[in-house]
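The values are calculated or read from the model by the stated rules, or taken from the named source; none is laboratory data. Keep in mind the model is a prediction, meaning the values are calculated, not measured. Glycine also receives a Cβ, built like all others from the backbone with ideal geometry; neighbour counts cover every protein chain displayed. These area figures cover heavy atoms from the full protein model, side chains too; ligands, DNA and RNA do not enter into them. Shrake-Rupley method; radii C 1.70, N 1.55, O 1.52, S 1.80 Å.
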Amino acid sequence: MLQTSVISFSAGHFDTDVLVVGAGPTGLALAVALASRGVRATVIDRLAEGANSSRAAVVHARTLEVLEPLGVAAQLVERGVQAQRFTIRDRDRVLVPIAFDRLPTDYPYTLMVSQAVTEQVLLERLVDLGGQVLRPRQLVDLAQDALGATVTLDDGSRLRARYVVGADGMHSTVRERAAIAFSGGSYGESFVLADVRLSGAVPDAEVILYFSPAGMVVVAPLPGGVHRIVATVADAPEQPSAAYVQALLDARGPEHERATVHEVVWGSRFRVHHRIADSYRAGRVVLAGDAAHVHSPAGGQGMNAGILDAVRLSRALVKALAGDVSALDSYGSERRPVAQQVVALADRLTRLATVRPALRALRNLVLSALSMLPVFRRNLAWRLSGLVYR
Ligand SMILES: Cc1cc2nc3c(=O)[nH]c(=O)nc-3n(C[C@H](O)[C@H](O)[C@H](O)COP(=O)(O)OP(=O)(O)OC[C@H]3O[C@@H](n4cnc5c(N)ncnc54)[C@H](O)[C@@H]3O)c2cc1C
């Protein structure tokens, strides 16, 4: 067990090889991947316990592929719902049908499962491998030298590590203390999220993205007969009511056979930014997940990109600990362009979804024509499933 209160410092003394700051999906996946490679990292999180809410609910095929060797994929699949189809629709009209069930992978679907479950499964695996998360421990400062980094926690104690990973989310203190800029901007609109009980015209094994001049709305199945609704709105309420979600679906969702909202099980809102860290590494500090990139949830890419960062970074850290520090630069030069692609895809989907009414018919025509082309459907399926990042 780590003693954080009394530590004597010398440049050659290390409490841990890798300090992972943040036990969200990125930090947990990194700790599991490092442990499975024989590196025992120290993981800290400022919260007394993990956030127990739904948040990012989409797990892509590629994410399951990289989690499989870590002994995590089967448990996740067991606890999620498999959506074999993804469609883009304008009200009742299907513009683009994408089938995941023909993808060359052991996971030919989008897995729908709440982020709380994903974090729980990762934590259980970390504990199986002998690891743990130290809570509540908040990083408040960080200083580097040639050999390592010294971090100060909120209780005044200090920890010395060879490498520090900032997996501490969008408002990353690690990123800020390492003086890495987070360039980009914010979208004007906000997102409303609601996990609801629905009846009516809602398929159980399909993720649907409805385009509408008022904004887009996503309807996706979750375990337990619940559906996730995500919509772009000018000013989302803090807690969306059933009536509010009903009005969104009535205005943007299926038209002929109505979907009826009976209950909101969980609801939230968030404002979305599109920002990417100027660099993924500064000396002994490396960034991953939301600390390195944030974007619109269109396409459900955020958490998936963070988990892929984590698994790729574990390989780089093993090499860096063995003396090949350039591996950390390769990690950044491989993963940063992926974040740029994710931002661009989410951006394109958002703009396509919300074209002006005058352009709507043209957009629908072009999309319907494109979706006749197998290569177009295949490219979209590969991108949305993350297989393109293999
Ligand atoms: C309400 C909400 C809804 C969302 N919905 C979606 C969605 O529908 N689709 C989607 O793709 N994404 C969604 N997201 C975003 C998604 O949750 C993130 O992309 C994902 O959690 C990123 O994982 P992460 O591990 O990189 O960062 P985080 O999950 O943010 O984890 C960071 C961790 O670091 C800890 N931490 C922060 N600072 C410190 C510090 N100084 N010291 C110690 N610990 C620290 C935090 O407590 C936290 O546990 C949503 C987010 C929110 C908040």
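So the values come out like this:
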| read-out | value |
| --- | --- |
| Value of [θ]222 nm, deg cm²/dmol, for the chain, DSSP H segments ≥ 4, -39500 (n - 2.57) each, nearest 500 | -10500 deg cm²/dmol |
| Global form of region 197-242, assessed from the alpha-carbon gyration tensor, a/c cut-off 1.5 | oblate |
| Length-normalised contact order for the chain - Cα pairs under 8 Å, 6+ apart - percent | 21 |
| Estimated FRET transfer efficiency (residue 340, residue 368; beta-carbon r; R0 25 Å; 0.05) | 0.30 |
| Inter-label distance for residue 79 and residue 179, nm, one decimal - labels placed 7 Å from Cα along Cα-to-Cβ | 4.2 |
| Accessible area expressed per residue, region 150-264, with surrounding protein chains retained (probe 1.4 Å, Å²) | 38 |
| Within-13-Å neighbourhood charge of residue 85 [Cβ basis; K, R +1; D, E -1] | 0 |
| Relative contact order of region 265-390, defined on C-alpha pairs under 8 angstrom at six or more residues apart (%) | 22 |
| For region 316-390, accessible area per residue (1.4 Å probe, heavy atoms of protein chains only), Å² | 52 |
| 0 to 90° range, to nearest 10: angle between helix 25-36 axis and the chain longest Cα axis | 50 |
| Size of electric dipole in region 217-312: Cβ of Lys, Arg +1 and of Asp, Glu -1, about Cα centre, debye, nearest 20 | 440 |
| Charge dipole (debye, nearest 20) of the chain; +1 at Cβ of Lys and Arg, -1 at Cβ of Asp and Glu | 960 |
| Principal-axis tilt of helix 357-371 within the chain, Cα atoms, nearest 10 degrees | 80 |
| Backbone HN-Hα couplings from phi across region 174-183 [Karplus 6.51/-1.76/1.60, Hz, Gly and Pro as x] | 4, 4, 5, 5, 7, 6, 9, 6, 10, 8 |
| Global size of the chain as Cα Rg and Dmax, reported in angstrom | 21.5, 71 |
| Whole-percent carbon and sulfur share, accessible surface of the chain, 1.4 Å | 52 |
| Counting DSSP beta bridges with both ends in the chain, the antiparallel % (nearest 5) | 75 |
| 0 to 90° range, to nearest 10: angle between helix 302-321 axis and the chain longest Cα axis | 30 |
| Neighbourhood net charge (10 Å Cβ-Cβ; Lys/Arg +1, Asp/Glu -1) for residue 331 | +3 |
| Rule-of-thumb Rg ratio for region 259-390 [Cα; 2.2 N^0.38 Å; N residues] | 1.32 |
